[in-house]
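To start, the structure under review is shown below, and the notes come after it.
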Amino acid sequence: MSSQPSQPSLHFGQVVIGPPGSGKTTYCRGMQEFLSHLGRKVVVINLDPANEGLPYPCAVDISELVTLDDVMEGLKLGPNGGLIYCMEYLETNLDWLEGKLKEHRDAYFLFDCPGQVELYTHQSSVKKIFAHLSMWNFRLTAVHLVDSHYCADPAKFISVLCTSLSTMLHVELPHVNVLSKMDLIEQYGKLAFNLDFYTEVLDLSYLVEHLASDPFFKKFHHLNEKLAEVIQDYSLVSFVPLNVQDRESMTQVLRAVDKANGYCFGDLEERNLQAMLSAAVGADFQFSATLGVQERYLKPNQKTVEEEVMDL
């Protein structure tokens, strides 16, 4: 009998993206430790040429190929132009990356990516790198981290929604948006609505009206209305709250990621049948989890209903 050709093995992982300072490197370190405790063999791939003094053991480091400092000094570029050049350089040297990744084929991958927003909304190099990873049988989920304290500012939250939507459409990967640093969510002010309003991106007309109460933004009311309409017409953006130091919070994020890239349907670990069926039919209700996060990190509102109505 002729032997059947072996199917190429799948490799699962996450590409961790987001604005500078949103906690990508901290997330990679925390997720690596968390997954290791669960029994997964994890490797972290640093694709950020500006990352120095990495807090985690790194299996592949782009600094072996190119560094931001060398590019800025050699080509007289600023930080933004230097990062774009570094990603274009990596794109033209993908054989280097492929060779490095082949040394860790039996692992779960965490890709720590640069923090420049334009790389994921306009520029195409990172998108092409992710596409090549998919062709190499990597099943990846884009984990897009955003600082949770932006929820306290309606204008910034609308900007975050626009950036998240643009990134989802440009990157073209299964996508999980994450509100990071939940323990600092009210660092810069109280939330105008309950947490589920922001995580589920409910009726944004309330947020636009709340924004119109500010004299500075009142003249941009029509623009904000149209931006909110675009976000709601696509109906793609939602968020998972995260505190890296909270095990339950990490579990919620990992569950969303595994569902997005299909890891929960594989045979790499012993699967819980009920969890698999829940993922298959989409019965992963987040309300109780979000309510628990709100009780843990948000201060209770002491105002009466009449006072809240007067505020609105």
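Please return the ranges of helices (runs of 4 or more DSSP H) entirely within the range 51-109 where 1 or more residues are closer than 26 Å to residue 139 by Cα. The qualifying helices (runs of 4 or more DSSP H) are 79-92, 94-101. From the list 188, 108, the one residue that fits, being in contact with a helix residue (DSSP H, G or I) (Cβ under 7 Å, 6 or more places away or on another chain), in the same structural domain as residue 68 (by the TED database) and under 23 Å from residue 257 (Cα atoms), is 108. The requirement of being touching a residue at least 24 places away in the same chain (Cβ under 8 Å), in contact with a Phe, Trp or Tyr (Cβ under 7 Å, 6 or more places away or on another chain) and acidic (Asp, Glu) is fulfilled somewhere in the range 83-99, by at least one residue. Against the list (1) farther than 21 Å from residue 26 by Cα; (2) assigned to a helix (DSSP H, G or I), the condition residue 193 fails is (2). With open to solvent by less than 40 Å² (accessible area, probe 1.4 Å) and modelled with pLDDT under 80 as the only criterion, which of 277, 298 stands out? Checking each option against the conditions leaves just 298. Within the range 252-275, residues that are under 21 Å from residue 238 (Cα atoms) have Cβ atoms under 8 Å from residues that are modelled with pLDDT of 90 or more and part of a loop (DSSP other than H, G, I, E, B) in these pairs: 252/242; 253/242; 260/174; 261/174, counting only partners at least 6 apart in sequence or on another chain. Between 145, 140, the distinction of being buried (at least 22 other Cβ atoms within 10 Å of the Cβ) and touching a Ser or Thr at 6+ places or on another chain (Cβ under 8 Å) belongs to 145 only. Among the residues of the range 169-228, those identified as among the polar types (S, T, N, Q) and either in contact (Cβ under 8 Å) with a residue 60 or more places away in the chain or touching a Phe, Trp or Tyr at 6+ places or on another chain (Cβ under 9 Å) (or both) are 177, 180, 194, 199, 224.
The residues listed here are 95, 61; of these, the one that is more than 22 Å from the chain's Cα centre (by Cα) and either modelled with pLDDT of 95 or more or open to solvent by 20 Å² or more (accessible area, probe 1.4 Å) (or both) is 95.
Taken over the range 218-267, the criterion of being surrounded by 20 or more Cβ atoms within 10 Å (Cβ to Cβ) and β-branched (Val, Ile, Thr) is satisfied by 237, 240, 244, 253, 257.
Within the range 1-29, residues that are more than 24 Å from residue 136 (Cβ to Cβ) and open to solvent by 50 Å² or more (accessible area, probe 1.4 Å) sit with their Cβ atoms under 8 Å from residues that are charged (D, E, K, R) and at pLDDT 85 or above, at 6+ positions apart or across chains, in these pairs: 21/147.
Scanning the range 148-167 for residues being crowded, with 21+ Cβ neighbours inside 10 Å, over 22 Å from residue 26 (Cβ atoms) and touching a His at 6+ places or on another chain (Cβ under 9 Å) gives a total of 1.
In the range 43-58, what count of residues is obtained for those that are of a type in the set (D, E, K, R) and buried (at least 19 other Cβ atoms within 10 Å of the Cβ)?
1
Considering only the range 207-217, I want to know if a residue exists there that is open to solvent by 70 Å² or more (accessible area, probe 1.4 Å), at pLDDT below 85 and in a loop (DSSP other than H, G, I, E, B). Yes, the range 207-217 contains a residue that is open to solvent by 70 Å² or more (accessible area, probe 1.4 Å), at pLDDT below 85 and in a loop (DSSP other than H, G, I, E, B). Does at least one position in the range 169-181 carry a residue that is surrounded by fewer than 21 Cβ atoms within 10 Å (Cβ to Cβ) and closer than 12 Å to residue 152 by Cα? No, there is no match, as no residue in the range 169-181 is surrounded by fewer than 21 Cβ atoms within 10 Å (Cβ to Cβ) and closer than 12 Å to residue 152 by Cα. Looking at this structure, is residue 31 within 21 Å of the chain's Cα centre (by Cα), assigned by the TED database to the domain that holds residue 161 and either among the aliphatic types (A, V, I, L, M) or part of a helix (DSSP H, G or I) (or both)? Taking the combined requirement at face value, the residue satisfies it.
The values are calculated or read from the model by the stated rules, or taken from the named source; none is laboratory data. Keep in mind the model is a prediction, meaning the values are calculated, not measured. As a convention, Cβ positions derive from the backbone with ideal geometry for all residues, glycine included, and neighbour counts pool all protein chains shown. We work out accessible area using only protein heavy atoms, side chains counted, and drop any ligands, DNA or RNA first. Shrake-Rupley method; radii C 1.70, N 1.55, O 1.52, S 1.80 Å.
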